[in-house]
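Have a look at the structure below before the remarks.
Just so it is clear, none of the values below were taken in a lab; they were calculated from the coordinates. Keep in mind that this is a model prediction, so the values were computed, not measured. Cβ placement follows ideal geometry from the backbone for every residue including glycine, while neighbour counts extend to all protein chains displayed.
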Amino acid sequence: MKKCIDLHGKSHEEALIIVEDFLLLNSFDNSLDLELITGNSPMLQNKIINNILKKHEFSYYIPNHNRGVMYITNSKIN
């Protein structure tokens with residue numbers, strides 16, 4: 001089941017804590033599927049990618065048609 005977190009109105013520091021806590025608490029689920037709404041903030045997306053996703057080896061995808069959303073999974077994206 002896809003979960004959704006909307007980070008609108010959150011500071012970057014607060015957003016990083018929310019995302020990392022959620023991912024680590026739910027990483028045991030082999031079918032982790034998260035829709036992360038970041039809004040138009042490439043800076044926040046880069047912080048999430050570099051500080052959380054790469055460190056914990058989560059896969060992510062940012063669709064070209066909506067650059068304000070990230071899809072995160074603990075499965076390998078081919």
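Relative contact order for the chain: what is it in percent, counting Cα pairs under 8 Å that are at least 6 residues apart?
On the way: 103 pairs, mean separation 26.8, N = 78.
Computed over the chain, the figure is 34 percent.
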Label points 7 Å out from Cα along the Cβ direction at ASP29 and SER59: separation in nm?
1.7 nm
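Treating only the Cβ of Lys, Arg, Asp and Glu as charged (+1, +1, -1, -1), what charge dipole size does the chain show about its Cα centre? Round to the nearest 20 debye.
Details: 8 positive and 9 negative charges, 53 e Å.
Dipole magnitude for the chain comes out near 260 debye.
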GNM flexibility winner over the chain from HIS65, HIS56, HIS12 (Cα, springs under 10 Å)
HIS65
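Let me check I've understood the local charge: for LEU24, count other residues with C-beta under 15 angstrom from its C-beta, Lys and Arg +1, Asp and Glu -1. What total comes out?
Values: positive: LYS3, LYS54, LYS55; negative: GLU20, ASP21, ASP29, GLU57.
With Lys, Arg at +1 and Asp, Glu at -1, the net is -1.
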Among ILE62, ILE49, ILE37, which one moves the most in a GNM of the chain with springs linking Cα atoms closer than 10 Å?
ILE62
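Count the net charge of all other residues whose Cβ sits under 11 Å from the Cβ of CYS4, scoring Lys and Arg as +1 and Asp and Glu as -1. Walk me through the numbers on the way to the answer.
Values: positive: LYS2, LYS3; negative: ASP6, ASP33, GLU35.
For residues surrounding CYS4, the net value is -1.
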